[in-house]
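This report concerns only the one structure given below.
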Amino acid sequence: MLAILVHGFGLHNRILGYALLLATTLMFVGALFVAKRRRNPPARLSKGPWMRLPKSLLAFSVSFFVATLPVAGILPENFGGWLLAALLALGVLWGVSELFFGMTWGGPMKHAFAGALHLAWHRRAERFGGGCSTGLKPLDLEDPNAPLGVEKPKDFTWNQLLGFDACVQCGKCEAACPAFAAGQPLNPKKLIQDMVVGLAGGTDAQFAGSPYPGKVIGEHGGNPHQPIVNGLVDAETLWSCTTCRPVSRNAR
Ligand code: SF4
């Protein structure tokens, strides 16, 4: 937001400049921690596009920091000439592309947007107080016309779908899942990502984390209108869940 105000709307105010310098410094430090984490990532962390995230964050924070120094009055307006301007433009383009195209085309930064909205419209706000409600609802077995849960991705509510997009693929659920540890064909992280695939349409070939034990990545797919079971996800994957809840206790 500060970057948009200062560099998008041209509000070259010294206080805003210093605030943006502080924000980009904090972002740079955070990006260094992410880079350190990604140097030798544990198996539970997804790889793929997530591996380029620290580089994008570093490019974004360094470019905006240097570009803001003249706004704060620390460097003269024309410092560095066209060469520095071109380098900064490249860095800004890289960082901004990661932010905006990543959000809209399913890149890692999608979680930042979806996660904030998911927290605002969380379906089980009682969990913020320490509860571990799963939101499971009893089925109406008396009414033959009552829906039995969710059949297709489009049957999820909008904020359930938002919750899938908010997943950062940290793998805490994978590490806490006893079925996964026991080699059963279930990985809660992949199950969430399969629901993301189901909404967008396609296959799970791009998933860059651990597969369901014993299942090959790339052989499952679906779309919002296709039944989930035995398309996106095999029935045995769902039956591997024992509803033991360590995932909902440990993965907050
Ligand atoms: S713990 Fe939550 S955010 Fe992390 S991978 Fe599992 S579902 Fe995604």
Practice task
Might you work out the accessible area of Thr157 for me, using a 1.4 Å probe with all protein chains in place, and round it to the nearest 10 Å²?
Solution key: 60
Handout entry: Simple spin-label estimate for Met1 and Thr242 in nanometres, 7 Å along Cα-Cβ
Key = 4.6
Completion exercise
Rounded to the nearest 10, the angle in degrees between the Cα long axis of helix 81-104 and the longest principal axis of the Cα atoms of the chain comes to 20
Handout entry: Separation in nanometres of the label points that stand 7 Å from Cα toward Cβ, at Trp158 and Arg37
Key = 3.0
Completion exercise
The distance between the Cα centres of the stretch 14-86 and the stretch 112-171, in whole Å, is 35
Fill in the blank from the handout: Note: the chain at 25 °C, 0.890 mPa s; Kirkwood Rh on alpha carbon pairs; Stokes-Einstein D in µm²/s works out to 119
Practice task
Give the relative contact order (percent, whole number) for the stretch 2-108; include only Cα pairs under 8 Å separated by 6+ residues.
Solution key: 31
Practice task
Would you kindly state how much longer the chain becomes between Ser97 and Gln226 on full extension, computed as 0.36 nm times their sequence separation minus their alpha carbon distance, in nm to one decimal?
Solution key: 43.2 nm
Practice task
Using only Cα atoms, find the angle between the long axis of helix 14-39 and the longest principal axis of the chain, and express it within 0 to 90 degrees, rounded to the nearest 10.
Solution key: 50
Handout entry: Longest exposed-site-free window of the chain, the sites being GluC sites (Glu not before Pro) in a DSSP loop that have at most 15 other C-beta atoms within 10 Å
Key = 1-76
Problem - Net lengthening on full extension, Ser133/Ala120 (0.36 nm per residue, minus Cα-Cα) - result: 2.9 nm
Practice task
Please give the per residue accessible area of the stretch 1-95, computed with a probe of 1.4 Å over protein heavy atoms only, in Å².
Solution key: 61
Practice task
Return the carbon/sulfur percentage of the accessible area of the stretch 207-250, one whole number, probe 1.4 Å, all protein chains in place.
Solution key: 56
Exercise for the section: Would you calculate a helix-derived [θ] at 222 nm for the chain, using -39,500 (n - 2.57) for each DSSP H run of n ≥ 4 and dividing by the full residue count, to the nearest 500? Expected result: -14500 deg cm²/dmol
Exercise for the section: First compute the accessible area of the stretch 83-169 with a 1.4 Å probe, then give the percent of it belonging to carbon and sulfur atoms. Expected result: 68
Problem - Angle between the chain longest axis and helix 110-120 axis [Cα atoms, degrees, rounded to 10] - result: 70
Practice task
Take the chain, connect every pair of alpha-carbon atoms lying under 10 Å apart with a spring to form a Gaussian network, then pick out the residue of Cys177, Cys132, Cys167 with the largest mean-square fluctuation.
Solution key: Cys132
Fill in the blank from the handout: Quick shape check on the stretch 41-135: root eigenvalues a ≥ b ≥ c of the Cα gyration tensor, a/c under 1.5 is rounded, otherwise prolate if a/b tops b/c, else oblate, and it reads prolate
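The values are calculated or read from the model by the stated rules, or taken from the named source; none is laboratory data. Every value quoted in this text rests on a predicted model; they were computed, and no experiment measured them. Note that we place each Cβ from the backbone using ideal geometry, even for glycine, and neighbour counts take in every protein chain shown. Please note that ligands, DNA and RNA were not included when accessible areas were found on the heavy atoms of the full protein model with its side chains. Shrake-Rupley method; radii C 1.70, N 1.55, O 1.52, S 1.80 Å.
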